[in-house]
Amino acid sequence: MTAADRHARVSALVYDLAEAGPAEREAVLSTEPDEGVREAARRLLATLEPDGPLDRPVSERETALTPLGTTVGPWRLVDVVGEGGMGVVYRAQRADGAYDREVALKRLRPGPDTAGLAARLRSEQQILARLEHPGIARLYDGGVDEQGVPYLVMELVDGQPITAHADAARLGVRERVALAADVCDAVAYAHQRLVVHRDLKPSNVLVGRTTEAGRVKLLDFGIAKLLDTEAGDQLTRTHVAVTPAYAAPEQVLGREVTTATDVYALGVLLYELLAGQRPYDLSDSTAAQAERIIVETVPPPPSSVAPADRARAVRGDLDTVVLKALAKEPERRYPTAQALADDLRRHLAGLAVEARPATAAYRLGRFVRRHRVLAGATVAVLLAVVGGAGAALWQAREARAEAAKAEAVQEFLVGMLAAANPEIDGRDVRVADLLDQAAADLDSSFADQPEVQIAAREQLGLTYYELGLLDEARGQHQAGLRLAEQIHGPGSLNTALLQRYLGDVSRELADYETADSLYALSLATHRRLLGERDRLTAEILAEIGTLRYYTGDYEGSAEAHERVLAIEEAVLSPDDPELVLTIGNLA
């Protein structure tokens, strides 16, 4: 066993012992087979509990040591604000009369490296004190008192944990997302100054109640590093002063801590804000079980466990954003906290988020975002056609054959719907409102032209999908599929295409069984009519591969993408970009 492995096992065992009652501690110790690790854990507990039995309440221990009115450095303790794993927090006032200020004074748990901690406090205090951001509580002072106990003096924040605030204020999903984006801004600011928090959790993210009501304020920024007995001058060393429920996989494994570690904790915080619970339940887990869950288990989408009144709004893009932030590998998460904040605000603005998987349907709709001015103009023309001008155009073409007229209208509608875009002449508008009006008029305007309806609903569904309006997309594809089955039959390519699109939407809504059955029907039709070696067949298989990946069937996903690659290598030129995309999916 290496020194790092032994350190990690001792630390994990101490967490379990600290949370267990006196009667259970020997049982917890018995779960560790190594006697040396058990003894080291006992010694560490004894060090952390210097003034009484392990079962004595923390508040009693600390109050006995530091009664109210005691002077710590130049500060007088006035009241107990709270207590946590690092120590007890007091409301304190300046005692030497130099100036008038009320602060939060955190008296840290004494440890075996008090001298080293004092040195680190001196070296890091100036760095942390320069974090001047409205979302970060300031660190004013720090040192070691006459009893040899380290302390920190910070800005006093009158607030409550962000999750408690969101529940108490009955915030909706949009308000919760906006709060999370503000937290990301504060974290991004500190990251730009090379400071990592390392212990983000609701109790360290408060929302103001009085003078700064509604504003988030992050506590203890960089404090975890100060408590790392091996930190030295390195920013990225791991430490034991973390909360396991919010710890990233690399933290529990004792690996390098980077800004990506904070991004993961932000993902846990966002998950809890949206779903009302954490991604994992570690309450009854041993240290080894908790480590395995954090490192290996893929959490369910937050929408699948969220309260009923929030699940629909979370489903889709927010699921994807949260799960990207919670990726096991740091490199697969958002590259920065600011990138996460930007994606959250894109969602709030009704724009496509960068975290969405690049499925075929999603790529198809990117026209919406690439050709903004042209797209806006064509939406205006579409409304004219669907809303009344269409009748005039129809009359102007009376001399043409009915089939030619229907085909012209179909092509026109499909082309314009594909170009729908949120910006018209430099103004921001809701494309969804325009599309809703067009969808409402389809039945009446083209009641006698089912072919046009099928094509229009297909494109409406795709455009809704690109805007993240998945329920609306599902409604359009369902209506188009019913018409296609009536006009072309259940085994036609037109029907198979709409089955595929409806499968895409069902998959993004986490309705995996429906998506699986729709893909199976579509694939069978494509194979029967086009054969195995066809590009459209390959596209269906690619969507199936993505579905398998979503459900955790990685072998099935790899098999599907391997079949896609075999087809594309047979029918495409070697330099076709689709081959690169498929190789990336397979990787």
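The values are calculated or read from the model by the stated rules, or taken from the named source; none is laboratory data. Note that the coordinates shown come from a computational prediction; the quantities given were computed from them, not determined experimentally. Quick reminder, even Gly has a Cβ in these numbers, built from the backbone with ideal geometry, and neighbours come from all protein chains shown. These area figures cover heavy atoms from the full protein model, side chains too; ligands, DNA and RNA do not enter into them. Shrake-Rupley method; radii C 1.70, N 1.55, O 1.52, S 1.80 Å.
The residue that is nearest to the chain's Cα centre (by Cα), among those in region 467-480 that are surrounded by fewer than 24 Cβ atoms within 10 Å (Cβ to Cβ) and in a helix (DSSP H, G or I), is L470. Does region 487-507 contain any residue that is in contact with a helix residue (DSSP H, G or I) (Cβ under 8 Å, 6 or more places away or on another chain), open to solvent by 20 Å² or more (accessible area, probe 1.4 Å) and among the acidic types (D, E)? Within region 487-507, none of the residues are in contact with a helix residue (DSSP H, G or I) (Cβ under 8 Å, 6 or more places away or on another chain), open to solvent by 20 Å² or more (accessible area, probe 1.4 Å) and among the acidic types (D, E). Does Y271 qualify as being over 18 Å from A306 (Cα atoms) and within 20 Å of the chain's Cα centre (by Cα)? In short, no.
Could you please let me know if S522 is in a loop (DSSP other than H, G, I, E, B) and polar (S, T, N, Q)? No: the conditions fail for S522. Which of the residues that make up region 247-265 are buried (at least 21 other Cβ atoms within 10 Å of the Cβ) and part of a loop (DSSP other than H, G, I, E, B)? Within region 247-265, A247, A248, V257 meet the criteria. Checked against (1) part of a helix (DSSP H, G or I); (2) open to solvent by 60 Å² or more (accessible area, probe 1.4 Å); (3) touching a helix residue (DSSP H, G or I) at 6+ places or on another chain (Cβ under 6 Å), I567 meets all criteria but (2). Give the number of residues within region 316-331 that are of a type outside the set (G, A, S) and within 12 Å of the chain's Cα centre (by Cα). Summing the residues that are of a type outside the set (G, A, S) and within 12 Å of the chain's Cα centre (by Cα) in region 316-331 gives 9.
Listed here are the residues, each with its yes/no results for (1) open to solvent by 10 Å² or more (accessible area, probe 1.4 Å); (2) in a helix (DSSP H, G or I); (3) of a type in the set (D, E).
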| residue | (1), (2), (3) |
| --- | --- |
| P279 | yes, no, no |
| I293 | yes, yes, no |
| R312 | yes, yes, no |
| K324 | yes, yes, no |
| L340 | no, yes, no |
| D343 | no, yes, yes |
| V353 | no, no, no |
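Restricting T286, T297, T320 to residues that are among the polar types (S, T, N, Q), out of contact with any strand residue (DSSP E or B) (no Cβ under 7 Å at 6 or more places or on another chain) and closer than 30 Å to E472 by Cβ narrows the list to T320.
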